[in-house]
Amino acid sequence: MTTLIRTLLMLWSAGILLWHSELRAQNITRTDYIYLICRGTRQKVGLIAEKYNLKDSKSTHVGIGFLQGKNLIIYHVTNDSDGPSDLVIQSLSGFKNPNDLFYLSIWMCPSSAKEISRLKKILQSYSKQKIVFDTDFKAHNQKLYCSEFCAEVLEKLNPKKFKFSLKRQTLDFFSAKILGCDVLEYYPVDFFQSSIYFKKIFEQIKS
């Protein structure tokens, strides 16, 4: 049993080192880029990604961030927060924390020092608010979910450059009962992936 545990720990450590080495290999060093970071968890992949995304069948959550020194700082709205606000600020390692995480992708958008400075100010203004996670997934109701938050930040940052459309989807009976509507208009987790401004620079899938 001791040998088995030791072997499992070695494999787990090797997996972590592989993720970090692949991130370094992607040369994620540009402080003048906007980053969108997607993750996928096994618990939510069937409920969210496969049913409600546009094309991405793995991503169940998204955050927005920038490079501060050598660290990727990620802002994301989650229903798993244990703080007073559902807006969480984390490093990449914190963002990858869910035990059932199996997917990660990082997308970049070339920007400028001036625009990144403005992005930081917008994100800081949100961090001073008490953000409530929107379990109804409805627009303009003073609450936010992960992709809505990212879309809202980007459109505030540059409304001419970033314009994203809500997806309209007829719900099945079970989902309609939970959400209290027959048709849902929302921002999918992969709302930005078809934009000409964003390019995927890293992807990791755990078997």
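The values are calculated or read from the model by the stated rules, or taken from the named source; none is laboratory data. Because the structure is a prediction, the values reported are computed rather than measured. Heads up: the accessible areas ignore ligands, DNA and RNA and are worked out on the full protein's heavy atoms, side chains in. Shrake-Rupley method; radii C 1.70, N 1.55, O 1.52, S 1.80 Å.
Excluding ligands and nucleic acids, what accessible area in Å² is computed for E50 using a 1.4 Å probe, to the nearest 10?
The accessible area comes out at roughly 130 Å².
Which of the residue pairs K55/K130; K58/K167; K44/K167; K130/K161; K143/K206 have a Cα-Cα distance greater than 24 Å in the structure shown?
Result: K55/K130; K130/K161; K143/K206 exceed 24 Å.
Could you do me a favour and compute the accessible area per residue for the chain, 1.4 Å probe, result in Å²?
On a per-residue basis, 57 Å².
Helix-only mean residue ellipticity at 222 nm, the chain, DSSP H runs n ≥ 4 weighted -39,500 (n - 2.57), per residue, nearest 500. What is it?
Mean residue ellipticity at 222 nm (helix-derived): -9500 deg cm²/dmol.
Using the Karplus curve 6.51 cos²θ - 1.76 cosθ + 1.60 with θ = phi - 60°, work out ³J(HN,Hα) for each residue of region 100-106 in order, rounded to whole Hz, and write x for Gly and Pro.
Taking θ as phi minus 60°, the curve returns 9, 4, 10, 9, 8, 9, 10 Hz for region 100-106.
Could you check which residue among F66, F133, F173 shows the biggest mean-square fluctuation in a GNM of the chain with a 10 Å Cα cutoff?
F173
Give me the accessible area of R118, 1.4 Å probe, in Å² rounded to the nearest 10.
110 Å²
Tell me whether region 112-175 comes out rounded, prolate or oblate; compute the Cα gyration tensor, take square roots of the eigenvalues as a ≥ b ≥ c, and use a/c under 1.5 as the rounded threshold.
Oblate shape, in that a/c is at least 1.5 and b/c is the bigger or equal ratio.
Evaluate Rg over Rh across region 72-114, taking Cα atoms for both radii and Kirkwood's formula for Rh.
1.03
From zero outward in steps of 5 Å, how is the percent of C-alpha pairs of region 30-71 spread across the bins?
5, 24, 22, 16, 11, 12, 9, 1
Show me, for region 47-54, the HN-Hα J-couplings you get by feeding each phi into the Karplus relation (A = 6.51, B = -1.76, C = 1.60, θ = phi - 60°), rounded to Hz, glycine and proline as x.
Once θ is set to phi - 60°, the couplings for region 47-54 become 7, 10, 4, 6, 9, 10, 6, 6 Hz.
For region 34-156, compute the orientation-averaged projected area of the C-alpha convex hull (one quarter of its surface), in nm².
Mean shadow area of the hull around the Cα atoms is 7.8 nm².
Which residue fluctuates most in the GNM of the chain (Cα springs below 10 Å): V77, V189, V132?
V132
Averaging over every viewing direction, what projected area does the convex hull of the Cα atoms of region 153-207 cover, in nm²?
Mean projected area for region 153-207: 6.3 nm², to one decimal.
On the protein heavy atoms, probe 1.4 angstrom, tell me the percent of accessible surface of region 162-204 carried by carbon and sulfur.
Of all accessible area on region 162-204, carbon and sulfur atoms account for 52 percent.
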